[in-house]
Ligand SMILES: N[C@@H](CCC(=O)N[C@@H](CS)C(=O)NCC(=O)O)C(=O)O
């Protein structure tokens, strides 16, 4: 029997965008062929697929290339019929979900990078940037999340879903920049929600370490029942 090869998923374990896309694949029950790469040593075969050369990238067997983690999440959930109900929040209020994702990937991610990697940036005048000012910008977003979580158990509503999984890897990164400062903030709902995620099976299932992809190695199947 002719076996269709699973879609190819280019990944980097510690990338938050790749993490959330891997979680959507896991929740969808689909299987992909995972190719773990190093961002400082990208294989030519990876660069050839997407000129953006960012992870994650998904190559479908009809030649379609998805090189945005948001698109990969929606692809996995739509293709599988969303067995875990991640899209319930989206069906309820598309605009609110899109506005949240835009805010997360735009201003919050910028603030996260400039806080965490402040020494890599300069102002237009060439002066060092104030990383703590960016921490304060990110903190307003986190404080709003804490308020939402005071009202309902998850950002997505009564059950965990897209808004939670799409954002948690970035919030984890924000915490890692200064764990004691983060843990001292008055964000009890946010802190508990993040802690539950960090100790969840979902998170550990997508943080398994894989050997780096090599041209002639057999495919590494990733997805429910494969990890
Ligand atoms: N908008 C993209 C962003 C992906 C992205 O920036 N990934 C980072 C790693 S976390 C990357 O590949 N950077 C390229 C590099 O470091 O060379 C998405 O959502 O997939």
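Coordinate-derived values only; no laboratory data. As the structure is a computational prediction, the values presented were derived from the model and not from experiment. Neighbour counts are summed over all protein chains in view; Cβ atoms, including those assigned to glycine, are modelled from backbone coordinates with ideal geometry.
Across region 88-201, C-alpha contacts under 8 Å between residues 6 or more apart give a mean separation that, scaled by the residue count, equals a relative contact order of 25 percent. Projected onto their three principal axes, the Cα atoms of region 88-201 cover extents of 46, 30, 24 Å, largest first. Angle between the Cα long axis of helix 69-80 and the longest principal axis of the chain, 0 to 90 degrees, nearest 10? Here the helix axis deviates by roughly 50 degrees.
Shown is the FRET efficiency for residue 143 and residue 172, computed with R0 = 22 Å from the Cβ-Cβ distance and rounded to the nearest 0.05: 0.80.
Give me 52, 42, 209, 109 sorted ascending by neighbouring Cβ count inside 10 Å, so fewest comes first. Could the numbers behind the result be given before it?
Values: 52 11, 42 15, 209 6, 109 18.
By the 10 Å Cβ count, ascending: 209, 52, 42, 109.
Using the count of nearby Cβ atoms within 10 Å as a rough guide to exposure, how do 55, 208, 220 rank from fewest to most? Please list the in-between numbers first.
Working: 55 23, 208 11, 220 16.
Ascending number of Cβ neighbours within 10 Å: 208, 220, 55.
For 183, 196, the sequence from fewest to most other C-beta atoms within 10 Å is 183, 196.
Suppose we keep just the DSSP beta bridges with both residues in the chain; what percent of those would be antiparallel, to 5? That works out to approximately 75 percent antiparallel.
Note on the chain: helix-only mean residue ellipticity at 222 nm, from DSSP H runs of 4+ residues weighted -39500 (n - 2.57) and normalised by residue number, equals -15000 deg cm²/dmol.
The distance separating the Cα centre of region 164-227 from that of region 87-135 comes to 19 Å.
Contact order normalised by length for the chain, with contacts defined as Cα pairs under 8 Å and 6 or more residues apart; what percent is it?
Details: 288 pairs, mean separation 61.3, N = 227.
Averaging sequence separation for qualifying contacts and normalising by length gives 27 percent for the chain.
Spacing of the modelled spin labels on residue 65 and residue 94, each 7 Å from Cα toward Cβ, amounts to 2.8 nm.
Pulled fully out, how much extra length does the chain show between residue 125 and residue 53, if you take 0.36 nm times their separation in residues and subtract their Cα-Cα distance? Intermediate results must be reported in sequence, preceding the final value.
Values: separation 72, 0.36 × 72 = 25.92 nm, distance 2.99 nm.
Taking 0.36 nm per residue and subtracting the Cα distance, the gain is 22.9 nm.
Per residue, the Cα convex hull of the chain amounts to 146 Å³.
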